[in-house]
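The block underneath contains the structure these notes are about, expressed in structure tokens.
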């Protein structure tokens with residue numbers, strides 16, 4: 001690989017590693033909670049917010065304006081509130097059902113709203129598909145700064161977040177407000193998803209969220225080793241996926257997603273050959 005290619009891939013590679021770092025951690029919670037498709041739902045809700053913003057004349061119909069971002073974030077927080085409200089340990093409605101309904105309704109609403117926008121549908125499609133190769137250093141550093149703050153918040157309150165993810169009934173019995181902390185989890189998660197989807201697209205963000213955590217679960221039941229394995233997997237797959245995309249002249253995001261799938265197959269085979277768990 002020439003230095004020109006390395007220079008071309010440097011920024012997207014760093015962006016991928018930044019995204020992988022926070023999403024691998026959040027994926028541990030998502031998989032443990034059994035809400036696998038929550039990021040797809042929140043991403044679709046964020047796109048709906050952006051579409052609504054473009055329909056407001058006062059926002060100047062600028063797809064790159066601050067109003068679009070803040071409206072997306074506002075809609076995401078509303079979604080976080082809905083998901084946390086139905087998460088209570090005594091809830092009668094399965095949370096995954098609510099997530100699925102929100103995803104379907106938001107998707108349909110986006111289709112309807114896109115028909116009313118004036119020439120901005122391509123930008124909104126980019127929010128779904130993503131184009132990680134087009135990311136700038138400014139976006140990378142800004143995104144990294146946001147994720148560091150969110151990561152610090154989760155680290156400080158890691159005990160509460162982990163207790164709720166692992167055993168919400170026991171956490172509630174100990175006096176923890178499950179719905180409050182669930183809202184804080186989904187709100188911070190929504191902030192991450194809104195940012196990541198705009199850079200990498202829904203499919204790639206979903207892969208970063210779920211696949212490393214699932215792969216790590218094959219080899220360990222403990223949080224520490226699962227994070228270490230997940231981060232290692234996400235980092236290696238990101239670099240390999242980008243390399244394959246350049247060599248084979250393929251779309252970067254889709255290639256990384258497929259590389260994740262191949263890596264998970266390899267890890268599953270390794271699990272069969274090495275059956276002992278950490």
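So here's what we get for this one:
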read-out: Estimated FRET transfer efficiency when R0 is 35 angstrom, pair residue 157-residue 248 (beta carbons, to 0.05); value: 0.20
read-out: Gain in span if fully extended, residue 219 to residue 142, counting 0.36 nm per residue against the direct Cα distance; value: 24.3 nm
read-out: Quarter of Cα convex hull surface for region 162-278, i.e. mean projection, nm²; value: 8.6
read-out: Cβ crowding within 10 Å averaged over residues, with 212-220, 46-54 ranked highest first; value: 46-54, 212-220
read-out: Alpha carbon Rg of region 3-273, scaled by the compact-globule rule 2.2 N^0.38 Å; value: 1.01
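The numbers here are math on the coordinates, done by the rules we state, and not lab data. Note that this is a predicted model, so its numbers are computed, not measured. In this analysis, Cβ positions are derived from the backbone assuming ideal geometry, glycine residues included, and neighbour counts consider all displayed protein chains.
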